[in-house]
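The values are calculated or read from the model by the stated rules, or taken from the named source; none is laboratory data. Nothing here was measured: the structure is a model prediction, and the numbers come from that model. Note that we place each Cβ from the backbone using ideal geometry, even for glycine, and neighbour counts take in every protein chain shown.
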């Protein structure tokens with residue numbers, strides 16, 4: 001039931017005293033919940049962790065932390081006053097650490113990209129299903145309007161386009177046509 005709290009998800013904002021301005025929020029909240037469920041369905045802990053790492057590594061904070069880290073490393077390894085650097089120029093240890101970091105970061109980013117690709121495929125399938133349902137509903141509405149016209153005795157011009165719109169859409173034919181266009 002839309003808007004009722006069943007213990008599985010948070011109650012919608014319009015639960016309780018319903019106000020006129022909030023009467024449609026249950027539908028919006030339900031839609032948002034459905035999208036969140038779609039996007040989080042089947043994600044593993046490793047995928048969520050990889051996503052967080054990918055988000056962080058794509059931030060300016062990550063860049064500035066590395067700038068600071070490299071600057072401190074280089075300054076700490078300048079030979080001065082008899083101090084012997086722990087990683088002298090050309091900074092072999094730093095190079096190894098950064099190379100290992102790059103290996104792990106690329107793995108996290110690939111995991112995140114694979115998850116995003118699966119999510120995009122899932123969204124595309126859901127969109128196709130919704131589009132097909134909507135097409136059937138619109139076709140049925142057109143039939144109902146035509147029945148109303150007939151019942152009221154309203155004459156209409158025979159239009160080829162309107163007649164074609166009332167036919168059931170052949171998904172296989174559309175798929176083949178799209179494939180033909182893509183192959184050109």
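In table form, for the structure just shown:
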{"read-out": "Scope region 44-85; condition exposed (fewer than 12 other Cβ atoms within 10 Å of the Cβ), at pLDDT 95 or above and farther than 30 Å from residue 119 by Cα; matching residues", "value": "64, 67, 68, 71, 72"}
{"read-out": "Among the candidates 172, 137, residue that is more than 30 Å from residue 53 (Cα to Cα), modelled with pLDDT under 90, assigned by TED's automatic domain parsing to the domain that holds residue 46 and out of contact with any strand residue (DSSP E or B) (no Cβ under 8 Å at 6 or more places or on another chain)", "value": "172"}
{"read-out": "Residue check, residue 89 surrounded by 10 or more Cβ atoms within 10 Å (Cβ to Cβ), in contact (Cβ under 8 Å) with a residue 12 or more places away in the chain and outside any helix (DSSP H, G or I)", "value": "yes"}
{"read-out": "Test for residue 120: is it assigned to a helix (DSSP H, G or I) and modelled with pLDDT of 90 or more", "value": "yes"}
{"read-out": "Residue check, residue 98 assigned to a helix (DSSP H, G or I) and under 28 Å from residue 54 (Cβ atoms)", "value": "yes"}
{"read-out": "Output for region 148-166, where each listed residue is at pLDDT below 90 and either surrounded by 11 or more Cβ atoms within 10 Å (Cβ to Cβ) or part of a helix (DSSP H, G or I) (or both)", "value": "149, 150, 160, 161, 162, 163, 164, 165, 166"}
{"read-out": "Only one of 139, 169 that is surrounded by 10 or more Cβ atoms within 10 Å (Cβ to Cβ), touching a residue at least 24 places away in the same chain (Cβ under 8 Å) and assigned to a loop (DSSP other than H, G, I, E, B)", "value": "169"}
